[in-house]
1. Once amide H atoms are built 1.01 Å from N in the peptide plane, which residues 5 or more positions from GLY435, or in another chain, come under 5 Å H to H?
2. Given C-alpha coordinates of segment 240-385, what is the ratio Rg to Rh with the Kirkwood estimate of Rh?
3. With only alpha-carbon atoms counted, please give the Rg and Dmax of segment 262-347, in Å.
4. What is the ratio of the Cα radius of gyration of segment 67-149 to 2.2 N^0.38 Å, with N the residue count, to two decimals?
5. How would you classify segment 490-532 from its alpha-carbon gyration tensor, with a ≥ b ≥ c the square roots of the eigenvalues: rounded for a/c under 1.5, else prolate if a/b is greater than b/c, otherwise oblate?
6. Amide H neighbours of GLU11 under 5 Å, at least 5 residues apart or on other chains, H built in the peptide plane: list them.
7. Give the ranking of PHE304, PHE487 by solvent-accessible surface, highest area first, calculated with a 1.4 Å probe.
8. Please name whichever of VAL421, PHE381, MET362 sits farthest to the positive end of the charge dipole of segment 346-445, dipole taken about the Cα centre and charges placed at Cβ: Lys and Arg +1, Asp and Glu -1.
Amino acid sequence: MGSVANGIITETDVVVIGAGFSGLYMVHSLRKFGFNVRAFEKAPDVGGTWYWNRYPGARCDSESLTYCYTFDEQLFQDWVWSERYPAGPEVLKYLRHVADRFDLRQHFQFETAVQSATYDEVARRWTITASTGEVVSTQFFISAVGNLSVPATPAVKGIESFQGQWLHTGRWPLQPIDFTGKRVAVIGTGSSGVQVTQEIAKTAAHLTVFQRTPTFTIPLRNMPLDPDYQRLWKSNARELIKKTRYSDGGLPFFASSTPLKGQDPEVVEQGLEAAWGVGGFKFLFGTFCDVGSDHESNAIVADFARRKIASIVKDAEKLRVLTPTGYPLGAKRIPLDTGYFQVYNQDNVHIVDLKENPIKEMTSGGLIAGETEHAFDLVIFATGFDAITGPLMQMDITGRGGQKLKDTWADGPYGYLGVGVPGFPNLLTLGGPGGVGVISNVPPTAEQAVEFAAECVAYLRDHNIDEIEATTEAADLWCEHVHAEAFKTMYPYAPSSWHDGSNLGKKARPFPAYTPGFSKFRRICDNIAAEGYTSFKLHHKGEAGSKANYKAHDPEWYTKVVQAPSSAELASWLEKSPMWT
Ligand code: NAP
């Protein structure tokens, strides 16, 4: 591997960007296949989203025993989690442990951003330029940049005149901030806003939350992890992890198969009440199977959640502002909470409806919303991210014929299987447009994407193929299928959501995530790999030009290959799974 030298071109097989869940495992997997790998990370250390999102209260909404790697049995058995849901620092500690345990840091260059990447159509290689001035020539370019890594701070007039401190939850400073006695604003009520609000309300003198869209929440019900439960889980790990790998949401329980429709209302109420008591995403996926697909069933569950809010918030005006109406529950990624609505019963916590009182400007002492000037010491933007395409669009990526990725994605995310973009050969975008990552539990989804990419590039090398490219035909058919499937769910009915870019006022065309589920997505990818990636355009070394040798699949094929497997088929797939071999 070449050393870092300003302006000097070094050569490698694969460049990876990002040191989060995907990037770390990507580097590990490529090394196992014998590739030379160079990896770049903007942050000074590993962790990805968990490096940057250090705001008070940051915690994962997936249970800790499901929010971890499964590729290495000993790692899974050795790591001991302390809580049912891991706090941000614990996930960060885990990822640092993984980097050390597998000696991955040696491949990464930290505090280094990739600034540009240009494809050389003759050499069939990428030329990557880093912020250090280093230039790397690589055959494959794999982005593991995460979907939520570019914070979106609204362009508020006068922000530079504010004499207090303003922060974004997604770029929290390393030094903890003491809120005791401070006047604090939180703008945004997504998962980050809910978590930071719950925490800051404990010490701030005054906390005002500025809300654009009222949110539903489900109770998290965090607790210390019972050692017996953890032991029991680990003794059944193989079975649970197999279930995870073939589950709908990357979680080791299969979704309910009972529809709400047609049930006795009393049975429905009891079922919802029981799931509410357990907390977590089971409330959404484990109660009734049609909550995410049938608007009438969804309305019943949404009404249940609204009644829960009404039972907590005592002040009638606050309750009016906080109550979510007019959109289905789960259409936006629902936050899990620990006493979120309860904090509004404190006299020092206020809510401002931004639709009635839009923010006009920030002043030296605070901000003006509607006709009211509010005084603050700290303003916290929990306003989310330029999701999915944002991180790659920050780089100057030039593909075939001088085509810029930012032009290709100007109207929204577009890609094939979340991994390929027409016009950008040998670029693999883990968890990219058309993938399943944004609506599933991250670690198993990241593992699937990494394994698909690693096995793909190893296959290409072993078959003398030096170029792979998603075709427009394949991507169009895939996007058409993904879009049609999304409209069988609640996702497109969100008033605004980072899933489709409408949080930033731009609506993606088409919907960028495969909604039928992780298991089906895995089966599609497995079938495509088994065919030898022939739904991509492949170029064999030494051939003149590119052959039109690909075979794009149509929606009928996608529907067929995801039919429920027989138990014999499932058993044989699980046998073949790379897990712990
Ligand atoms: P988010 O879900 O996109 O929420 C952003 C919030 O800011 C929304 O309430 C949004 O309002 C508001 N907002 C955006 N632009 C605004 C503007 N110009 N003016 C006023 N308000 C504005 O972002 P997030 O809360 O950071 O979460 C993003 C995702 O990260 C989550 O959905 C989740 O997948 C992940 N996450 C997970 C956890 C966890 O596991 N516990 C924690 C944090 C984040 P609208 O609703 O009207 O768009």
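1. HN-HN under 5 Å from GLY435: GLY418, TYR514.
2. Computed over Cα atoms, the ratio is 1.06.
3. Both quantities, over Cα of segment 262-347: 13.3, 44 Å.
4. Working it through for segment 67-149, the quotient is 1.46.
5. prolate
6. So GLU11 has HN proximity to GLY2, SER137.
7. PHE487, PHE304
8. Result: VAL421.
The values are calculated or read from the model by the stated rules, or taken from the named source; none is laboratory data. This structure is a prediction, so every number in the text was calculated from the model and none was measured. No Cβ is skipped: glycine too gets one built from the backbone with ideal geometry, and neighbour counts run over all protein chains shown. Note: accessible area is taken over every heavy atom of the protein model, side chains too, but ligands, DNA and RNA are not part of it. Shrake-Rupley method; radii C 1.70, N 1.55, O 1.52, S 1.80 Å.
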